[in-house]
Amino acid sequence: MLRFVILSLTLVALINSSNIPKTAATPPSRYQNYNTFVKTACNSTTYPTMCYNSLSSYSSTIKADPIKLCTTSLNVNLKYAKNATLVVSNLLKKAKSTSSPEVPVLKDCVEEMKDTVDELKQAMAELKNLYGGVSKEEHLKNMKTWVSAALTDDTTCTDEFEEEEVNEETKKKVEKAVSELSKTTSNTLALITNYLRF
């Protein structure tokens, strides 16, 4: 009798278990965890840790969409560019007030930073028009050109600080802001190159 009861209970348990939704037992798809998609994408960049740290909080928006990935990266990149512009602009104002010999090099750097902002905006415009107007390949080519130009401007600014005699504290502040921007721009270019293919 006891054996029959145990057998019956086992059978009931098996029947009930078959009513469990199949999705619960379905293994997650490759990028169901969107953080994994962002991390995988960032591993293709020159500065993966910085890339992941700056984009992971947007993973639920990016999901596994290459367009959203590159759009988000450009938006973050633009924030870094505006921050670098602000840092250098404030240093320029201070230098002007003291008639510092650093004024020319800071002025040049501010112009480079402003150019970077404009170029990243141009790249964003190309990305928005990716499915309209000229061919996708043409928009993609233009996008890469704008981001590459932004990267060149970042480097031009820091190179000039290496060549000129400037206050060490000023140099450190500029290099920190522009270095972060340069790394972010490099990462953005890598993501566009690796994830926007047609």
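Rule-based calculations on the coordinates, nothing more; no lab input. Fair warning: this is a prediction, and the values are worked out from it, not measured in the lab. Heads up, the Cβs are rebuilt from the backbone with ideal geometry, glycines too, and the neighbour counts pull from every protein chain shown.
Pick out, in residue order, every one of the GluC sites (Glu not before Pro) in the stretch 120-174 that is DSSP loop and has at most 16 other C-beta atoms within 10 Å; say none if there are none.
Taking the stretch 120-174 and a limit of 16 other Cβ atoms within 10 Å, the loop GluC sites (Glu not before Pro) found are Glu164, Glu165.
Any aspartates and glutamates with Cα under 12 Å of the Lys171 Cα? List them, leaving off those in the same chain fewer than 8 positions away.
Those aspartates and glutamates meeting the cut-off are Glu102, Asp159, Glu160, Glu162, Glu163.
Taking 7 Å along the Cα-to-C-beta vector as the label spot, tell me the Lys173-Lys141 distance in nanometres, rounded to one decimal.
4.3
Place a label point 7 angstrom from the Cα of Asp118 along the Cα-to-Cβ direction, then list the residues of the stretch 157-191 whose backbone nitrogen is under 17 Å away.
Zone members listed by number: 157.
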